[in-house]
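The values are calculated or read from the model by the stated rules, or taken from the named source; none is laboratory data. All of these numbers come straight from a predicted model, not from anything done at the bench. For neighbour counting, all protein chains shown are included, and Cβ atoms are generated from backbone atoms with ideal geometry for every residue, glycine included. Accessible surface is based on the protein model in full, side chains and every heavy atom, while ligands, DNA and RNA are left aside. Shrake-Rupley method; radii C 1.70, N 1.55, O 1.52, S 1.80 Å.
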Amino acid sequence: MKRYNPFKPGSIVGPGMFSGRIEELNILERVLFQTKNGNPQHFLIQGERGIGKSSLLFYFNYVASGELESSSGDSFKFLTVNIELEPSNNYFDIIRKVGAELRRVVASNQRAMELVKTAWDFLKRWEVLGVKYSERDRAAEPHELLDELTHTVEQTVSAMGTEFDGILILIDEADKPPPKANLGEFIKIFTERLTKRGCNKVSLGMAGLSGVIRKLRESHESSPRIFEILSLEPLLKNERVQVVRRGLAISEEKNGYKTEITPDAENWISVFSEGYPHFIQQFAYSAFEEDNDNNIDTDDVGRGALKENGAFQQLGLKYFHEQYYDQIGADEYRDVLRFMASHIDDYVTKQDIRDATGIKETTLTNAIKALRDRKIIIPMEGKKGVYRLPTKSFAVWIKSFTGSPPTSVTS
């Protein structure tokens, strides 16, 4: 039966399916309010893969631009500039991406174009994706190009007057460039130059994996200090269920008929996912595909999760296959990971592992060394023989993948 499947594993979810993050959204809306009133604030969203960083940025973009109402009832109208960074990006690339996207956003907004005519000479120099530059621009020193970007932003904000609240610059995948790209230096100098020029209606927001703060600090020690830092945790049970229900509401709208889901099936998806938004999308997607009577039950969830090319296999291939299979040649090594996964990402001792698994001392020593060297487990600093898994999501996948479907769900 061909029908629209509303769930989107591996993709940013739209505002219609977005759920939770109430506390984070309240903080982000305060950032907008302060910036709108001339007290610019900046934020950094960090968290594991699949935790929903990009989806939160996407939703917030709608709130900032005024396309969605804020939870507080405040009205915002920011010009939003969105860029994504890549591993190959350097300092020049970062500056050029911001400038090029600012130019594109202004050019695509009729009212903004009308307002910034006096600043257009500055904006049009930032050609699409920063590719078309004169020889003078290509030979410019980094500080010269950054100064030009600062001047362009200042001129744009000034030209927009009070018809826009300011400019919101959103940088996703901020962890991808290497430390030598000097993203932290760019952030620190760019925000300071705007302040010195009296340009106080620009907010900078970033999202990246948990190691992004370390990378920022490597290029400029004080750069993380300018941010309100938000660390995303898994969704609560009611928020997980809400994601599924919102997806099914979209399905009904698209397909013209309703697909039901039993409470137990909702709970299974909640338990399997342990609150990771991407996991919720994957388990719900696979269960929806298995359903053939427009009533998703636990059989649908179980089959969708466990069958060949099902949810567990998909998550493993996308996130964890290399860590759990490709880099590990012995089952005893996986026994170590399975035990550690029962503690999620809490630290455990070598003695705990030995007692629980019964692995011989020599084999266990070799396993721990290999897992450490490949960064599949993380040692505790300053304490010998104590380790943890690198992320909660890895632990969740190991627990679920190596276990069996529950016969009942109580949490």
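Residues being of a type in the set (Val, Ile, Thr) and at positive phi: count how many of those fall in segment 269-298.
Number of matching residues: 0.
So that you can scan it fast, the table gives a plain yes or no per residue for (1) under 18 Å from residue 16 (Cα atoms); (2) in contact with a Ser or Thr (Cβ under 9 Å, 6 or more places away or on another chain); (3) open to solvent by less than 30 Å² (accessible area, probe 1.4 Å):
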residue: 61; (1), (2), (3): yes, yes, yes
residue: 66; (1), (2), (3): yes, yes, no
residue: 75; (1), (2), (3): no, no, no
residue: 82; (1), (2), (3): no, no, no
residue: 90; (1), (2), (3): no, no, no
residue: 109; (1), (2), (3): no, no, no
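Checking residue 312 against (1) without any contact (Cβ under 8 Å) to a residue 60 or more places away in the chain; (2) surrounded by 17 or more Cβ atoms within 10 Å (Cβ to Cβ): exactly one of these is not met. Which one?
Failing condition for residue 312: (1).
Of 203, 222, which residue is free of Cβ contacts under 8 Å to residues at least 60 places away in the same chain and in contact with a helix residue (DSSP H, G or I) (Cβ under 7 Å, 6 or more places away or on another chain)?
222
Looking at segment 20-44, which of its residues are in contact (Cβ under 8 Å) with a residue 60 or more places away in the chain, open to solvent by less than 70 Å² (accessible area, probe 1.4 Å), on the phi < 0 side of the Ramachandran plot and not aromatic (Phe, Trp, Tyr)?
Passing the criteria: 24, 27, 28, 31, 32, 35, 36, 40, 41, 42, 44.
Here is a yes/no grid of residues against (1) closer than 25 Å to residue 232 by Cβ; (2) free of Cβ contacts under 8 Å to residues at least 12 places away in the same chain; (3) under 16 Å from the mean Cα position of the chain (by Cα); (4) surrounded by fewer than 19 Cβ atoms within 10 Å (Cβ to Cβ):
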| site | (1), (2), (3), (4) |
| --- | --- |
| 7 | yes, no, no, no |
| 12 | yes, no, yes, yes |
| 18 | yes, no, yes, no |
| 47 | yes, no, yes, no |
| 95 | no, no, no, no |
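If you check residue 350 against the conditions, is it more than 27 Å from residue 269 (Cα to Cα), of a type in the set (D, E, K, R) and touching a residue at least 24 places away in the same chain (Cβ under 8 Å)?
Spelling it out, residue 350 is indeed more than 27 Å from residue 269 (Cα to Cα), of a type in the set (D, E, K, R) and touching a residue at least 24 places away in the same chain (Cβ under 8 Å).
Please go through segment 374-408 and pick out each residue that is of a type in the set (A, V, I, L, M), at pLDDT 85 or above and part of a helix (DSSP H, G or I).
395, 398
Mind counting the residues in segment 72-113 that are of a type in the set (A, V, I, L, M, F, W, C), touching a strand residue (DSSP E or B) at 6+ places or on another chain (Cβ under 8 Å) and not in a helix (DSSP H, G or I)?
Residues that pass the stated criteria total 5.
So which of 303, 338 is assigned to a helix (DSSP H, G or I), open to solvent by 10 Å² or more (accessible area, probe 1.4 Å), closer than 22 Å to residue 48 by Cβ and among the basic types (Lys, Arg)?
Of 303, 338, the one residue that is assigned to a helix (DSSP H, G or I), open to solvent by 10 Å² or more (accessible area, probe 1.4 Å), closer than 22 Å to residue 48 by Cβ and among the basic types (Lys, Arg) is 338.
Would you mention how many residues in segment 2-43 are under 17 Å from residue 194 (Cα atoms) and in a loop (DSSP other than H, G, I, E, B)?
Qualifying residue count for the region: 5.
Among the residues of segment 183-219, how many are within 24 Å of residue 114 (Cα to Cα), in a strand (DSSP E or B) and not aliphatic (A, V, I, L, M)?
Qualifying residue count for the region: 1.
What is the residue count in segment 166-182 for residues that are assigned to a helix (DSSP H, G or I) and open to solvent by 10 Å² or more (accessible area, probe 1.4 Å)?
Matching residues across segment 166-182 total 2.
Keeping to segment 186-195, report how many residues are in contact with a His (Cβ under 7 Å, 6 or more places away or on another chain) and under 14 Å from residue 147 (Cβ atoms).
1
Residues in segment 367-389 that are open to solvent by 40 Å² or more (accessible area, probe 1.4 Å) and under 26 Å from residue 319 (Cβ atoms): how many?
10
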